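Novice: Below is the structure I would like to discuss, written out as structure tokens.
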Amino acid sequence: MLESKERITGHLDTDAVHCGEKTWLGSVTTPIAFSSTFVFKDMNEVLAYGQSQAAHYEYGRYGNPTREAAEEKLAALEGAERCVLFDSGMSAVTATILSLCEQNKHLVITDDAYKQTLSFVTKVVPRFGISSTVVPMGNYAALEDAIRDNTVMIISESPTNPYLNIADVAEVARIARKHGVLSVIDATFATPYNQRPLEQGADLVIHSATKYLAGHNDVLGGAVLGTTEVTEPIYQWRRVTGGIVDPMSCYLLIRGLKTFGLRMERLNRTAQCVAEFLSNHPKVRRVYYPGLSSHPHHDVARKQMRGFGAVVTFEIDGGLEDALQFMDRLKLCLLAPSLGGPETLITHPATMSYYKETRERRYELGIIDELIRLSVGLEDPKDIIADLERGLGAVTG
Ligand SMILES: Cc1ncc(COP(=O)(O)O)c(C=O)c1O
């Protein structure tokens, strides 16, 4: 039988099933290693451990076979030398920034990054003497201008939330390389099925594994992927600070990933149908989906993505009251944050994500009253569309 690393075929569906698996006593699936600590056979093994970390796990914060299996599987899917898993996407984001930046350093971030990432960069990171510049998404001249002598990294997302803007990853990576800084792409909304930022020149990819990778709305996790060299400070950071994803979650991630290709293929297809349905609906003013030619970044999306993902954002043709009526009329789409699972989830960002902001600030951020974000699920597309049709019946305009 092939060792797990030898099983990489480069075919996503095969690698999703086989890569990383660590069988034990003839088991087909990787067992859940719930041990927080690991026994040394004798002092020879203790001395050997000092030489080679890989030979033994020692202690759960440093290593765990179930976690390693999940990391190896994800690394194979992303085409990365190493994956460092965390207990949430935000742990992955914060560990990446804090382990690679230090006092008096600077980073550049695009302005429509996930709100907690932006909040961390603008409110928490300055406490460590690290400064930042926030640049408009899609303005590559501004991005390049923002780089200073002490800049360490550029952070961008693609696609972004909720407008699904697409960063030209190759261009971001080119600018970063020219100035000797790292390019970090949060590709949570795309997944390695639809977009492979490392192949396009990015140094690091981040995922909230909570979303499509685990894929069942039952796990929190985060991942950072790249070369062994670039990820080394992040790996060491986790050994010291924790942020460890537990073995049960790792197992659920492994299990979810086995159907990753099937899920993504179906999700891409359903989302395209839903986006087309919405863009032809008289009660819908505008649809944002990178798979539609009307999307401002459709050409970049076509250049760098295999599929366009399963989040569809739209504006209903009405005001706040219409949006609330629309949401309340739905029966199948669940009113819940997050994305990437089998259940279609729908959010009204103004009241469900940005409720702490004033209306004025929300509008500055583009979070208008009639904006809706849909995370398309695995249900029959006809049922999703029928439910949206039902909801739109409540819009009086
Ligand atoms: C693009 C993006 N990055 C990171 C995160 C944080 O991930 P988590 O919720 O797993 O901490 C999210 C969460 O929604 C996200 O959308």
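Novice: Please say if region 303-390 is rounded, prolate or oblate, where rounded means a/c under 1.5 for a ≥ b ≥ c the square roots of the C-alpha gyration tensor eigenvalues, and otherwise the choice is prolate for a/b larger than b/c and oblate otherwise? Mind dumping the intermediate values first?
Specialist: Working: a/c = 1.98, a/b = 1.32, b/c = 1.50.
Verdict is oblate for region 303-390.
Novice: Turning to a different aspect of this structure: Using the per-residue mean of other Cβ atoms lying within 10 Å as a proxy for protection, in what order, highest first, do the peptides 369-380, 229-240 fall?
Specialist: Top of the packing list down: 369-380, 229-240.
Novice: Follow-up. Calculate, in nm to one decimal, what Glu364 and Lys41 gain on full extension: separation in residues at 0.36 nm each, minus their alpha carbon distance.
Specialist: 110.1 nm
Novice: Checking the table Lys22/Lys105; Lys211/Lys303; Lys303/Lys382; Lys123/Lys258; Lys73/Lys356; Lys73/Lys303 against a 32 Å threshold on Cα-Cα, which pairs fail? Please list the in-between numbers first.
Specialist: Values: Lys22/Lys105 41 Å; Lys211/Lys303 24 Å; Lys303/Lys382 30 Å; Lys123/Lys258 38 Å; Lys73/Lys356 39 Å; Lys73/Lys303 26 Å.
Violating the 32 Å Cα-Cα cut-off are Lys22/Lys105; Lys123/Lys258; Lys73/Lys356.
Novice: Could you list Tyr163, Tyr49 in order of exposure, starting from the residue whose Cβ has the fewest other Cβ atoms within 10 Å?
Specialist: Least crowded to most crowded, the residues run Tyr49, Tyr163.
Novice: What shape does region 107-185 have by the C-alpha gyration tensor, where a ≥ b ≥ c are the square roots of the eigenvalues, rounded means a/c under 1.5, and otherwise prolate means a/b greater than b/c and oblate the rest?
Specialist: Oblate shape, in that a/c is at least 1.5 and b/c is the bigger or equal ratio.
Novice: Before rounding to the nearest 500, sum -39500 (n - 2.57) across all DSSP H runs of length at least 4 in the chain and divide by the residue total; then give [θ] at 222 nm in deg cm²/dmol.
Specialist: After summing the helix terms and dividing by residue count, I get -11000 deg cm²/dmol.
Novice: Would you mind ranking Ser353, Ser294 so that the residue whose beta carbon has the fewest other beta carbons within 10 Å leads the list?
Specialist: Ranked by crowding around the Cβ, least crowded first: Ser294, Ser353.
Novice: Compute the helix-to-body angle for 89-100: its Cα long axis versus the longest principal axis of the chain, expressed 0 to 90° and rounded to tens.
Specialist: On a 0 to 90 degree scale, this one is about 60.
Novice: Mind listing the long-range amide H neighbours of Arg285? Cut-off is under 5 Å, sequence gap 5 or more, other chains count too, H placed in the peptide plane at 1.01 Å from N.
Specialist: Glu315, Ile316, Asp317
Novice: Which residue, Leu198, Val219, Thr188, has the largest displacement toward the positive end of the dipole of region 175-250 when charges sit on each Cβ (Lys, Arg +1; Asp, Glu -1)?
Specialist: Highest projection toward the positive end goes to Leu198.
Novice: Separate question: Rounded to the nearest 10 degrees, what's the angle between the helix 247-257 long axis and the longest principal axis of the chain, both from Cα atoms, 0 to 90?
Specialist: 60
Novice: Turning to a different aspect of this structure: Just rank His297, His216, fewest to most, by other beta-carbon atoms within 10 angstrom. Please report the intermediate quantities before stating the final value.
Specialist: Details: His297 23, His216 16.
Ascending Cβ contact count within 10 Å gives the list His216, His297.
Novice: Whole-Hz Karplus ³J(HN,Hα) for region 372-379, in order, using 6.51 cos²θ - 1.76 cosθ + 1.60 and θ = phi - 60°, x for Gly and Pro?
Specialist: Listing the rounded values in order: 10, 10, 10, 9, 5, x, 9, 5 Hz.
Novice: Please give the contour-minus-distance gain from Thr14 to Phe34: 0.36 nm per residue of separation, less the Cα-Cα distance, rounded to one decimal in nm.
Specialist: This chain segment gains 4.5 nm when fully extended.
Novice: Would you look at the GNM of the chain, springs on alpha carbons closer than 10 Å, and say which of Val245, Val39, Val205 moves the most?
Specialist: Result: Val39 has the largest fluctuation of those listed.
Novice: Right, here's the next one. Please state the charge dipole magnitude for region 260-392, taken about the Cα centre, from unit charges on C-beta atoms (+1 on K and R, -1 on D and E), reported in debye and rounded to the nearest 20.
Specialist: So the dipole magnitude of region 260-392 works out to roughly 420 debye.
Novice: May I pose another question? What is the angle, in °, between the Cα long axis of helix 260-279 and the longest principal axis of the Cα atoms in the chain? Nearest 10 is fine, range 0 to 90.
Specialist: Taking the Cα atoms of the chain, the angle to 260-279 is about 10 degrees.
Novice: Alpha carbons only, please: Rg and Dmax for the chain, in angstrom.
Specialist: When restricted to Cα atoms, the chain yields Rg and Dmax of 21.7, 76 Å.
Novice: Please give the FRET efficiency for Leu25 paired with Met248, using the beta carbon to beta carbon distance and R0 = 25 Å, rounded to the nearest 0.05.
Specialist: 0.80
Novice: Can I ask one more? Take the Cβ-Cβ distance between Thr396 and Ser119 as r, set R0 to 35 Å, and report the resulting FRET efficiency rounded to the nearest 0.05.
Specialist: For Thr396 and Ser119, the calculated efficiency is 0.45.
Novice: Work out the length of the dipole vector of the chain about its Cα centre, built from +1 on the beta-carbon of each Lys and Arg and -1 on the beta-carbon of each Asp and Glu, and round it to the nearest 20 debye.
Specialist: Values: 40 positive and 49 negative charges, 31 e Å.
For the chain, the charge dipole is close to 140 debye.
The numbers here are math on the coordinates, done by the rules we state, and not lab data. Only a predicted model underlies this, so the values are computations on that prediction, with no experimental measurement involved. Cβ atoms come from the backbone with ideal geometry, glycine included; neighbour counts cover every protein chain shown.
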